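In what follows, a structure is listed as structure tokens, so that the remarks can point back to it.
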Amino acid sequence: MPLHISRRALTRGITAATAVATLATGLAACGGESDAATTTADTAGSVTVGRLSNGAAKETTLKVSEVKSISAELPDALRKSGKLVIGSGTLPSGSPPLGFVGSDQKTLTGSEVDLGRLVAAVLGLEPEVRRSTWENLFIGIDSGKVDVGFSNITDTEERKKKYEFASYRKDDLAFEVKKDNAWNFDGDYESLAGRTVSVGNGTNQEKILLEWKAKLAKEGKKPLTVKYFQETNSIYLALNSGKIDAYFGPNPNLAYHAAKTAGTPQATRVAGQFSGAGETLQGLIAATAKKDSGLAKPLADAINHLIKNGQYAKWLAAWHLSNEAVEKSEVNPPGLPLTNS
């Protein structure tokens, strides 16, 4: 798949097909990490995606078994452990449809976790999901408590200093505004002058936004004010009250939220998109492991097996993310540049 695209190509949107009930919040645990890992009850040779999703996905059972030629690529210690510890940086309040607490009020569900479980099945490993805050997800990978992050992590050149990647989904960012706000983002950062925007701390969208802020300051334009909130509910309270003009975040999350609030007093809309790798490069979401762990290649091979055999397309379709498909998984493809200028 060609990586270089135009701004206009980034104007496509995704549609979350179902408006769902409000999900449980207040799920933070001590130290920013879940008290217990989540395991699944899939039968041998199958993985059910979209389970307990409150209607956010179409529950679909996929046939998938270990591929010995791929599992043989795993580091010896991991293969002998029989377990793949999957990190999800979705505390405290969840991030639907990517990762959130399901209808049983305890099981982590979401598109990212489901792909991790599918990959674990190809590798012949038992999936164990550990939930944490975004920052602690990377601490878990660094310390070895987590083998791989499946948590909407963008491939960036900065992160390659510490991590290795196996790509699996396009990374598009978006601006979300109140429905009655006429402002739209067409890819020109100058339109952000004088506006107040919220963004997640430590994310690649923060990097992009702060670089735009610096450019506006250097050019003597009205300042871009960047606001931070600890959890998603606070962001939307600020948006609805007018304390911020827009929220800059992952397109799947924002499209999902806009669909969920349609027809309510809190209705929002997506007001423009931008590649997670900058203006000239298609951003990619990737499974993320510690650098030199030896995991990137078996992860990519497992994902490519799922692509070739159709389970990958069915996983995306179940979560209404089909237009974020990639043709193949790549090991350490070009990512967001060190300087996004």
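In deg cm²/dmol and to the nearest 500, what is the mean residue ellipticity at 222 nm of the chain if only DSSP H runs of at least 4 residues count, each as -39500 (n - 2.57), divided by the residue total? Each step should come with its number before you reach the end.
Working: 9 runs with 89 residues, N = 341.
The per-residue figure over the chain is -7500 deg cm²/dmol.
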Exercise for the section: Can you tell me how much longer the chain between residue 225 and residue 241 gets when fully stretched, taken as 0.36 nm per residue apart minus their C-alpha distance, in nm with one decimal? Expected result: 4.1 nm
Practice task
Please list the equivalent ellipsoid semi-axes of segment 70-214, computed as the square roots of five times the alpha-carbon gyration tensor eigenvalues, in descending order and whole angstrom.
Solution key: 33, 18, 13
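As an exercise, find the ratio Rg/Rh for segment 52-91 from alpha-carbon atoms, using the Kirkwood inverse-distance average for Rh.
On the way: Rg = 15.0 Å, Rh = 13.5 Å.
On the Cα set of segment 52-91, Rg over Rh gives 1.11.
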Exercise for the section: Let me know the charge dipole size of the chain about its Cα centre in debye, to the nearest 20, where only the beta-carbon of Lys, Arg (+1) and Asp, Glu (-1) is charged. Expected result: 340
Handout entry: Rel. contact order, % - alpha carbon contacts under 8 angstrom, at least six apart, the chain
Key = 27
Problem - Inter-label distance, nm, simple model (7 Å from Cα along the C-beta direction), residue 106/residue 327 - result: 4.6
Handout entry: Mean Cβ count within 10 Å, highest first, over the residues of peptides 219-225, 306-312, 330-336
Key = 330-336, 306-312, 219-225
Completion exercise
Comparing 90, 280, 288 in a Gaussian network model of the chain (Cα, 10 Å), the one with the largest mean-square fluctuation is 280
Problem - C-alpha long axis of helix 296-308 to longest principal axis of the chain, angle in ° - result: 90
Problem - Alpha-carbon centroids, segment 219-254 and segment 296-341: separation in whole Å - result: 28
Practice task
Pull up the cross-link candidates among the aspartates and glutamates for residue 260, meaning alpha carbon to alpha carbon under 15 Å and not fewer than 8 places away within one chain.
Solution key: 176
Exercise for the section: Just round it to a whole percent: the fraction of Cα-Cα distances in segment 185-341 exceeding 20 Å. Expected result: 60
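If you put +1 on each Lys and Arg Cβ and -1 on each Asp and Glu Cβ, how big is the dipole of segment 248-341 around its Cα centre, in Debye rounded to 20?
On the way: 8 positive and 6 negative charges, 48 e Å.
Roughly 240 debye, rounded to the nearest 20.
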Problem - Crossing angle, helix 232-241 versus the chain [Cα axis fit, 0-90 degrees, rounded to tens] - result: 20
Fill in the blank from the handout: In terms of the charge dipole of the chain, which places +1 on Lys and Arg and -1 on Asp and Glu at the beta carbon, the residue among 44, 86, 235 farthest towards the positive end is 235
Practice task
Report the Stokes-Einstein translational diffusion coefficient (µm² s⁻¹, integer) for segment 142-182, Rh taken as the Kirkwood radius over Cα pairs, at 25 °C with viscosity 0.890 mPa s.
Solution key: 185
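What per residue convex hull volume, in Å³, comes out for the chain when only alpha-carbon positions are used?
Numbers: hull volume 41.5 nm³, N = 341.
Residue-normalised Cα hull volume stands at 122 Å³.
State to the nearest 20 debye the size of the charge dipole of segment 185-328 about its Cα centre, where the only charges are +1 on K and R beta carbons and -1 on D and E beta carbons.
On the way: 17 positive and 13 negative charges, 46 e Å.
Here the size comes out at about 220 debye.
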Completion exercise
Rounded to the nearest 10, the angle in degrees between the Cα long axis of helix 204-218 and the longest principal axis of the Cα atoms of the chain comes to 30
Practice task
With springs only between Cα atoms under 10 Å apart, run a GNM on the chain and tell me which of 157, 176, 190 wobbles the most.
Solution key: 190
Completion exercise
Given 48-54, 238-244, 150-156, the highest-first ranking by average Cβ count within 10 Å works out to 150-156, 48-54, 238-244
Handout entry: Set 178/243; 178/222; 68/308 screened for pairs whose C-alpha atoms are more than 18 Å apart
Key = 178/222
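Bear in mind that the values in this text are calculations on the coordinates, not laboratory data. All values derive from a computational prediction rather than experimental measurement. In this analysis, Cβ positions are derived from the backbone assuming ideal geometry, glycine residues included, and neighbour counts consider all displayed protein chains.
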